[in-house]
Protein chains: 2
Amino acid sequence: MPRTSDARERIVSTAARLFLERSYQAVGVDELCQSADVRKGSFYHYFSSKSELGKAVIDLHAHAFNKQLSGSVATTPTEKLHAIPDAIGAIQSVLEAQFGRAVGCPFGNFAAELSTTDDDLRRHLADRLAAMERHLAAVCHDAAAAGALRAGTDPDRLAHALLAQYQGIILLAKLNDSGVSALAPALHDFIDGYVVDGSASAVSQRARAAQAPAAPEPDPDATPHPSPQE
Amino acid sequence: MPRTSDARERIVSTAARLFLERSYQAVGVDELCQSADVRKGSFYHYFSSKSELGKAVIDLHAHAFNKQLSGSVATTPTEKLHAIPDAIGAIQSVLEAQFGRAVGCPFGNFAAELSTTDDDLRRHLADRLAAMERHLAAVCHDAAAAGALRAGTDPDRLAHALLAQYQGIILLAKLNDSGVSALAPALHDFIDGYVVDGSASAVSQRARAAQAPAAPEPDPDATPHPSPQE
């Protein structure tokens, strides 16, 4: 018998799973309540609307992403840049193992589906991704200050391009049903293109890393989606 | 009184508009028929399902994109690379003028929303984007053969990264409601990063182009979405 005190958490994690399996609009509140084993009254006790639940799901994913990233042991600016693909690759691998295929980036899925129809949810998600972009920009500025970026590279533009590349390649992997194993290597390549020396050395480091079991362990809290059996 | 012979075209162009305004799943067949001024029987005469209509909408957008791109006067491989952001920018500007905001890439919107739930539609869209990626790859190979790409640049990977970048920055513009004017310049920057010489000359050409009214005219057929008043 599920504990009532878990209800909010169950609703959010169930929604996170169902939205990734299908989409936000494909899943109704009735189905959500049934899958999470909560009553509809309980749902509306915690969330005034499905849109408010959407925000909580976004925050769950943002927390998981930040936790995964903060677990990195990277120290130099270039290592910190490369820690981003590692975090994305680890999270995407966990999602692929759970769902049996690439299901996209939770943030990108929401952005594509809801930006034109739910401005409140759009702004909430935009705020979360803006924070992520600020983090990327800070790392890029550190790399520039350390002389690690190619001449002429604007750190803020690189941060935006990296965020866009991250969104774009995950979207294409979802579309092509091509698995997620190529995502982190492609993002490492992308970063190498902006690192000093075209980066012969960085590229070879990556090539070595790809051959070794060097992928970071996914953080348990970075996988907040209960399996369908739970 | 609308002509019956136009019914299929009206259904497709109305669907293209409504799907961009909101999303595929947010628009039902009943509403589509009402907006397109056709009877439901007529809809199912042309389309066995909403999914079949989705394919026709994708083909409409693919046709418009190819027509816009084929109108380019680019001759050198580098110019042909830069013609891609010009085509994307022109199409996105037309959509922004019509909808009053960035509404995303029609292909990316479908990919994010339906890849996990409609495998038939997913494969249809993946085929269309694969054709686009093959075109990009051919241009990248020509640029590599002409010595225009930085040493170590893999043309096929560059084509995939360019497609991903195109999808990612449009998705972020839609999320951030930040307008589409920065999209083509950002993609030109992205390409310049892979062109020989870090491309001081290419960058300055772009800077000049940005100051001149040099954006390509949108092709009328590249705007297949009737305005709400039509």
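Structure above, values below:
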{"quantity": "Selected residue (criterion: farthest from A:G147 (Cα to Cα)) from residues of region A:53-92 that are free of Cβ contacts under 8 Å to residues at least 40 places away in the same chain and open to solvent by 50 Å² or more (accessible area, probe 1.4 Å)", "calculated": "A:N66"}
{"quantity": "Condition met for A:A159 (closer than 28 Å to B:S115 by Cα and within 7 Å of chain B (Cβ to nearest Cβ))", "calculated": "no"}
{"quantity": "The lone exception for A:L20 - which of (1) open to solvent by 10 Å² or more (accessible area, probe 1.4 Å); (2) under 27 Å from A:F190 (Cα atoms); (3) at pLDDT 95 or above it fails", "calculated": "(1)"}
{"quantity": "B:L162 touching a residue at least 60 places away in the same chain (Cβ under 8 Å) and buried (at least 20 other Cβ atoms within 10 Å of the Cβ)", "calculated": "yes"}
{"quantity": "Odd one out for B:V180, checked against (1) at pLDDT 95 or above; (2) part of a helix (DSSP H, G or I); (3) open to solvent by less than 20 Å² (accessible area, probe 1.4 Å)", "calculated": "(2)"}
{"quantity": "Hey, B:D142 in a helix (DSSP H, G or I), touching a residue at least 40 places away in the same chain (Cβ under 8 Å), in contact with a Pro (Cβ under 8 Å, 6 or more places away or on another chain) and assigned by TED's automatic domain parsing to the domain that holds B:I91 or not", "calculated": "yes"}
{"quantity": "Search result, residues across region B:23-39 that are open to solvent by 40 Å² or more (accessible area, probe 1.4 Å) and under 23 Å from A:A26 (Cα atoms)", "calculated": "B:Q25, B:D30, B:E31, B:Q34, B:S35"}
{"quantity": "Odd one out for A:V27 among (1) in the same structural domain as A:H135 (by TED's automatic domain parsing); (2) touching a residue at least 12 places away in the same chain (Cβ under 8 Å); (3) in a loop (DSSP other than H, G, I, E, B)", "calculated": "(1)"}
{"quantity": "Residue match in region B:49-60 (condition: in contact with a helix residue (DSSP H, G or I) (Cβ under 7 Å, 6 or more places away or on another chain) and part of a loop (DSSP other than H, G, I, E, B))", "calculated": "no"}
{"quantity": "Some residue of region A:69-85 being within 14 Å of chain B (Cβ to nearest Cβ) and in contact with a Lys or Arg (Cβ under 8 Å, 6 or more places away or on another chain)", "calculated": "no"}
{"quantity": "Any hit, region A:170-182, residues being touching a Phe, Trp or Tyr at 6+ places or on another chain (Cβ under 7 Å) and within 11 Å of chain B (Cβ to nearest Cβ)", "calculated": "no"}
{"quantity": "Within region A:103-139, considering residues that are more than 8 Å from every other protein chain (Cβ to nearest Cβ) and assigned to a loop (DSSP other than H, G, I, E, B), the one surrounded by the fewest Cβ atoms within 10 Å (Cβ to Cβ)", "calculated": "A:D118"}
{"quantity": "Boolean, B:A7 is in contact with a helix residue (DSSP H, G or I) (Cβ under 6 Å, 6 or more places away or on another chain) and part of a helix (DSSP H, G or I)", "calculated": "yes"}
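Yes or no, residue by residue, for (1) within 11 Å of chain A (Cβ to nearest Cβ); (2) at pLDDT 65 or above:
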residue: B:A144; (1), (2): no, yes
residue: B:A148; (1), (2): no, yes
residue: B:L163; (1), (2): yes, yes
residue: B:A186; (1), (2): yes, yes
residue: B:G198; (1), (2): yes, no
residue: B:T223; (1), (2): no, no
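The values are calculated or read from the model by the stated rules, or taken from the named source; none is laboratory data. Not measured: the values here are computed from a predicted model. In this analysis, Cβ positions are derived from the backbone assuming ideal geometry, glycine residues included, and neighbour counts consider all displayed protein chains. Only protein heavy atoms, including side chains, enter the accessible area calculation; ligands, DNA and RNA are left aside. Shrake-Rupley method; radii C 1.70, N 1.55, O 1.52, S 1.80 Å.
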